[in-house]
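Reading through the structure tokens given below for one structure.
The values are calculated or read from the model by the stated rules, or taken from the named source; none is laboratory data. Note that the structure is a prediction, hence the values are computed from the model and not measured. So basically every Cβ, Gly included, is an ideal-geometry build from the backbone, and we count neighbours across all protein chains shown. Side chains included, ligands, DNA and RNA excluded: accessible areas come from the protein's heavy atoms. Shrake-Rupley method; radii C 1.70, N 1.55, O 1.52, S 1.80 Å.
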Amino acid sequence: MTDWRPVREAVPDGTICKVRMRDSLGAYDVPGKYFLHDDGHWYRIDPPTQIKGMVAKWQPAAG
């Protein structure tokens, strides 16, 4: 498995990812698969949803 990467290293190239969010209580993994759109926002694939929270880390999703 690939290590978690800083969000600043993410590029909008269509890579399907897992994300780790951050809030005032700390970081936590979020179930599902996501991608970074070229509009600069993260989107969940199923159900299709724009992510409103703060994505802190990402990693390519396996298979």
Review point. Using a 1.4 Å probe, what is the accessible area per residue for the chain, in Å²?
Key: 68
**Study point:** For the stretch 33-43, 3J(HN,Hα) per residue [Karplus equation, 6.51 cos²θ - 1.76 cosθ + 1.60, θ = phi - 60°, Hz, x = Gly/Pro]
**Key:** 10, 9, 8, 8, 7, 6, 7, x, 9, 8, 10
Revision key, fill the gap. In whole percent, the fraction of accessible protein surface over the chain that belongs to carbon or sulfur atoms, probe radius 1.4 Å, stands at 53
Check your understanding: When the Debye formula is applied to the Cα atoms of the chain, each taken as the same point scatterer, what base-10 log of I(q)/I(0) results at q = 0.20, 0.24 Å⁻¹?
Key -> -0.71, -1.05
Exercise for review: Restrict the search to the stretch 1-54; then list the trypsin sites (Lys or Arg not before Pro) that DSSP places in a loop and that have at most 12 other Cβ atoms within 10 Å of their Cβ.
Suggested key: Lys52
